[in-house]
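Trainee: Would you mind keeping the following structure in view while I ask a few things?
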Amino acid sequence: MSVTAERSVQAVHVHPRARDYPGSFLDGVIPNESELTCGTRIEPGKSYGFFTDTTLCIGCKACEVACKEWNALPADSVGFTGMSYDNTGGLSANTWRHVAFIEKRGPTGTRQTDQDAFQSGWLMMSDVCKHCHNAPCLEACPTGALFRTEFDTVVVQQDICNGCGYCVPACPFGVVDLNPLDGKAHKCTLCYDRLKGGLEPACAKACPTDSIQFGEVPELQARAEQRVEQLQSLGVAGAHLYGAPGGEGATGGLGHLNAFFLLTERPETYGLPPAPTRPANRVAPGLLAGLATMAGLALGALALLGGGRR
Amino acid sequence: MHDMPGPAQGGSAYDGPTYYDRPSLKPAPFNTTVVGGYIFLAGLAGAAQMLAALVRRARPPGFRRVARTGHALSLLAPTLGAGLLIYDLHTPQRFANMLRIFRRTSPMSIGTWVLMAFSGSSLATVAADWLGRVPGLRWLRPLGRAAELPAAVSGAALGTYTASLLSATSTPLWAATPRALAVRFGASSVASACAALSLAERRADNHRTARDLDTLALAALGVELAASLACRRRWRAVGLGAAEDTVSGKVLLEGGADLVGTALPIALHAAALAAPPAASRRGSALGSFATLIGSLCLRIGVLEAGDATALRPRESLGFAQPRNLPRQR
């Protein structure tokens, strides 16, 4: 055991298993560790997000596990859905990464029984909170519990949320959920605590194929466009981005999605809406139409009830 | 594990592939009876306060009593209504966090402050009514009169902001028709307030003003019926027609809101206007009761049918197609 390792063993409580690897002891967190793991330095004031390239996903669910481990989230269910390898079902208050498994069917609607070499009949996609540019959940939150962080991500402050639940129907992607046990809204924080410490989010760091890429949003968008071109030139005609500025998934005033995706099939296949909208755009039309109705009926009332004076 | 709904019934909006027909949206976690009850009470209280201010200007027979009844009805919102809202929070002890901020993109935040303004001004009008004659408390009377206008304006907003609250979500049924839903809620609020005030005037044997209130209710119900038809047309156009196939859609929206709450009182009030005044009293009271029940059914029914569309991926994905996007300004 080296002297440094000796000292750190004494300095902090260490799991006995960790003593097997004295060489791996560190005096503390590696500063800006994200530069080592994903080539991105995390600095407040910049915009961070995920680029999830579904063509690289192998469905290992390491992202789901890493997310649950880091954020100490309990399991949602221990049953089988009976529909695919997806036994998670969907995003929820306790599940902030969800790997969707879609078995492609042949043109006759039945499962393909023959495959080209090295091709898979499965589409896999790791779904997550989109951290929208104009985030409907944040815009709906009446307490200010939902806020935009210095990393341009959207987070629920658990010490503020009063569980009104308005963010749940506000989300166009069905991401935000209430936990009935604690009565608060929960969703992916894009590992706010890890970003503060210069660490890459847990799911992206755990992804073994770099299907989940973490980085600065403009950089990721450029990288994603190159990837689409590359795939198209390789013959993947359906490759396209979901959540690029103003494009599919970021329509109706949403701007762009900080967590965006490369898909090869139409978004509905993955359970994603092709043309979501920004709910806040409907506030004024509703209020004005309602107030106009009240004003019109008030004038009618004045005319009608004033008849008594005649 | 979330509940897996069966395949969509009726005319499916979207026939392409979905993710195992699992919901792609989450329904609002509101208790539909509790929140529907609040929307009904807020509408009734807000419109009653607005009508109270109007009758004090128009001065029909017995207007002082009508205004007092309207003021008293307005208390339903800050008391029972606010109680229902807090009850529906999943962390109710933090209800005061609603007052931390004002957010103009959130009708729930706007509504919180509308309810605060309405509660304060309504309390002043009621205090002036009930305590204004007590020696030493006469200063309450000018205060009550000063509070009338803010109470009426915030009452008008309280009677209709709840439609905007529902529309400013991603739940397809609510998002599909923001304007028609607001007109429908606003008209239903006025109709329910007219019904309650009319019942009170009939009890006090002031049939003349009750008849005027019934006529006003008739106008409001006409507007509500038109908005209901507009809602239905829009829902069918964007492939949400099947929402009305749910039990709640059929029973609460078609049966409760449209038939009992709108068509029946329209028929009764119209018949009452044609008949001699003395012969129409029972019909008027029945119409008023039906209006109140229908107004409550409308709110619970819209909440329930909306949740159903959120849970049905063929309807939510069908609504979220590019053809349904609002036109670019």
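Trainee: Being polar (S, T, N, Q), surrounded by fewer than 24 Cβ atoms within 10 Å (Cβ to Cβ) and away from every other protein chain (no Cβ under 14 Å), is that true of even one residue in the range B:288-311? Let's see the steps before the verdict.
Mentor: Residues of the range B:288-311 that are polar (S, T, N, Q), as a first pass: B:288, B:291, B:295, B:309.
Checking which are surrounded by fewer than 24 Cβ atoms within 10 Å (Cβ to Cβ) leaves us with none.
No, every residue in the range B:288-311 fails to be polar (S, T, N, Q), surrounded by fewer than 24 Cβ atoms within 10 Å (Cβ to Cβ) and away from every other protein chain (no Cβ under 14 Å).
Trainee: Go through (1) more than 21 Å from B:Leu166 (Cα to Cα); (2) surrounded by fewer than 17 Cβ atoms within 10 Å (Cβ to Cβ) and name the single condition B:Ala237 misses.
Mentor: Checking B:Ala237 against (1) more than 21 Å from B:Leu166 (Cα to Cα); (2) surrounded by fewer than 17 Cβ atoms within 10 Å (Cβ to Cβ), the one that fails is (1).
Trainee: Just one of the numbered conditions (1) touching a residue at least 12 places away in the same chain (Cβ under 8 Å); (2) part of a helix (DSSP H, G or I); (3) open to solvent by 20 Å² or more (accessible area, probe 1.4 Å) is not true of B:Pro61; which one?
Mentor: So the condition that B:Pro61 fails would be (2).
Trainee: I need a count of the residues in the range A:35-52 that are buried (at least 16 other Cβ atoms within 10 Å of the Cβ) and under 25 Å from A:Met124 (Cα atoms).
Mentor: Of the residues in the range A:35-52, 6 are buried (at least 16 other Cβ atoms within 10 Å of the Cβ) and under 25 Å from A:Met124 (Cα atoms).
Trainee: Okay, next question. When the residues of the range A:190-203 are filtered to those that are surrounded by 24 or more Cβ atoms within 10 Å (Cβ to Cβ) and in contact with a Pro (Cβ under 9 Å, 6 or more places away or on another chain), which remaining residue is nearest to the other protein chains (Cβ to nearest Cβ)?
Mentor: Filtering first and then ranking leaves A:Leu190.
Trainee: How do the helices (runs of 4 or more DSSP H) wholly within the range B:220-324 filter down when requiring 2 or more residues that are in contact (Cβ under 8 Å) with a residue 24 or more places away in the chain and closer than 24 Å to B:Met50 by Cα: which remain?
Mentor: Those helices (runs of 4 or more DSSP H) span B:264-274, B:281-311.
Trainee: Residue check: is B:Asp212 open to solvent by 10 Å² or more (accessible area, probe 1.4 Å), more than 17 Å from the chain's Cα centre (by Cα), over 30 Å from A:Val175 (Cβ atoms) and within 9 Å of chain A (Cβ to nearest Cβ)?
Mentor: Working: open to solvent by 10 Å² or more (accessible area, probe 1.4 Å): yes; more than 17 Å from the chain's Cα centre (by Cα): yes; over 30 Å from A:Val175 (Cβ atoms): yes; within 9 Å of chain A (Cβ to nearest Cβ): yes.
Against the criterion (open to solvent by 10 Å² or more (accessible area, probe 1.4 Å), more than 17 Å from the chain's Cα centre (by Cα), over 30 Å from A:Val175 (Cβ atoms) and within 9 Å of chain A (Cβ to nearest Cβ)), B:Asp212 qualifies.
Trainee: In the range B:177-202, which residues are within 10 Å of another protein chain (Cβ to nearest Cβ), more than 11 Å from the chain's Cα centre (by Cα) and either surrounded by 24 or more Cβ atoms within 10 Å (Cβ to Cβ) or under 26 Å from B:His269 (Cα atoms) (or both)?
Mentor: B:Thr177, B:Pro178, B:Ala180, B:Cys194 - these are the residues of the range B:177-202 that are within 10 Å of another protein chain (Cβ to nearest Cβ), more than 11 Å from the chain's Cα centre (by Cα) and either surrounded by 24 or more Cβ atoms within 10 Å (Cβ to Cβ) or under 26 Å from B:His269 (Cα atoms) (or both).
Trainee: While we're looking at this one, here's another question. Would you check which residues across the range B:69-118 are part of a loop (DSSP other than H, G, I, E, B) and within 13 Å of chain A (Cβ to nearest Cβ) and list them?
Mentor: Across the range B:69-118, the qualifying residues are B:Leu89, B:His90, B:Thr91, B:Arg100, B:Ile101, B:Phe102, B:Arg103, B:Arg104, B:Thr105, B:Ser106.
Trainee: Let me ask something additional. Would you check which residues across the range A:53-81 are in a loop (DSSP other than H, G, I, E, B), under 27 Å from A:Leu263 (Cα atoms) and open to solvent by 50 Å² or more (accessible area, probe 1.4 Å) and list them? First the steps, then the outcome.
Mentor: As a first pass, look at the range A:53-81 and keep what is in a loop (DSSP other than H, G, I, E, B): A:57-61, A:72-81.
Next cut, under 27 Å from A:Leu263 (Cα atoms) only: A:57-61, A:76, A:80-81.
Within the range A:53-81, A:Ile58, A:Cys60, A:Asp76, A:Phe80 qualify.
Trainee: Going by the conditions given, is B:Arg327 modelled with pLDDT under 90 and surrounded by fewer than 24 Cβ atoms within 10 Å (Cβ to Cβ)?
Mentor: Details: modelled with pLDDT under 90: yes; surrounded by fewer than 24 Cβ atoms within 10 Å (Cβ to Cβ): yes.
The answer is yes for B:Arg327.
Trainee: Quick one: count up the residues across the range A:119-171 that are surrounded by fewer than 24 Cβ atoms within 10 Å (Cβ to Cβ), acidic (Asp, Glu) and within 15 Å of the chain's Cα centre (by Cα).
Mentor: Result for the range A:119-171: 1.
Trainee: Since A:Glu268 meets every condition but one in (1) touching a Gly at 6+ places or on another chain (Cβ under 7 Å); (2) assigned to a loop (DSSP other than H, G, I, E, B); (3) at pLDDT 95 or above, which condition does it not meet?
Mentor: (2)
Trainee: Filter the range B:157-174 down to the residues that are open to solvent by less than 10 Å² (accessible area, probe 1.4 Å), in a helix (DSSP H, G or I) and aliphatic (A, V, I, L, M), then identify the one that is nearest to B:Ala42 (Cα to Cα).
Mentor: B:Leu158
Trainee: When you check B:Asp205 against the structure, is it crowded, with 19+ Cβ neighbours inside 10 Å and of a type in the set (Asp, Glu), yes or no? Give the derivation first.
Mentor: Details: crowded, with 19+ Cβ neighbours inside 10 Å: no; of a type in the set (Asp, Glu): yes.
Answer is no for this residue.
Trainee: Of all residues being within 14 Å of another protein chain (Cβ to nearest Cβ) and farther than 14 Å from B:Thr18 by Cβ in the range A:258-274, which is surrounded by the most Cβ atoms within 10 Å (Cβ to Cβ)? Just the residue, please.
Mentor: From the range A:258-274, those within 14 Å of another protein chain (Cβ to nearest Cβ) are A:261, A:263-274; that's our starting set.
Within this subset, residues satisfying the condition of being farther than 14 Å from B:Thr18 by Cβ are A:261, A:263-264.
Working: A:Phe261: 27, A:Leu263: 24, A:Thr264: 17.
Looking at residues that are within 14 Å of another protein chain (Cβ to nearest Cβ) and farther than 14 Å from B:Thr18 by Cβ, I get A:Phe261.
Trainee: State which residue is nearest to the other protein chains (Cβ to nearest Cβ) when the search covers only the range A:237-257 and only residues that are assigned to a strand (DSSP E or B) and touching a helix residue (DSSP H, G or I) at 6+ places or on another chain (Cβ under 6 Å).
Mentor: Kept after step one, since they are assigned to a strand (DSSP E or B), are these residues of the range A:237-257: A:240-242, A:257.
Checking the rest, the ones that are also touching a helix residue (DSSP H, G or I) at 6+ places or on another chain (Cβ under 6 Å) come to A:241-242.
On the way: A:Leu241: 16, A:Tyr242: 12 Å.
Among those residues, the one meeting the criterion is A:Tyr242.
Trainee: Could you grab me the full set of residues in the range A:284-294 that are open to solvent by 10 Å² or more (accessible area, probe 1.4 Å) and either in contact with a Cys (Cβ under 8 Å, 6 or more places away or on another chain) or facing another protein chain (nearest Cβ under 7 Å) (or both)? Let's see the steps before the verdict.
Mentor: Step one: filter the range A:284-294 for residues open to solvent by 10 Å² or more (accessible area, probe 1.4 Å), giving A:284-285, A:287-289, A:291-293.
Answer for the range A:284-294, where residues must be open to solvent by 10 Å² or more (accessible area, probe 1.4 Å) and either in contact with a Cys (Cβ under 8 Å, 6 or more places away or on another chain) or facing another protein chain (nearest Cβ under 7 Å) (or both): A:Pro285, A:Leu287, A:Ala289, A:Leu291, A:Thr293.
Trainee: Please determine, by comparing only the residues of the range A:181-207 that are without any contact (Cβ under 8 Å) to a residue 60 or more places away in the chain and of a type in the set (Asp, Glu), which one is nearest to A:Ser126 (Cα to Cα).
Mentor: A:Asp193
Trainee: Out of B:Ala220, B:Ala263, B:Ala257, I need the residue that is within 14 Å of chain A (Cβ to nearest Cβ), closer than 18 Å to B:Arg299 by Cα and among the small types (Gly, Ala, Ser). Which one? Before the answer, list the steps.
Mentor: Working: B:Ala263 fails: within 14 Å of chain A (Cβ to nearest Cβ); B:Ala257 fails: within 14 Å of chain A (Cβ to nearest Cβ).
Just one listed residue meets the conditions, B:Ala220.
The values are calculated or read from the model by the stated rules, or taken from the named source; none is laboratory data. Computed from a prediction, not measured in an experiment: that's the story for all the values here. Glycine also receives a Cβ, built like all others from the backbone with ideal geometry; neighbour counts cover every protein chain displayed. Surface areas here come from the heavy atoms of the whole protein model, side chains and all, with no ligands, DNA or RNA. Shrake-Rupley method; radii C 1.70, N 1.55, O 1.52, S 1.80 Å.
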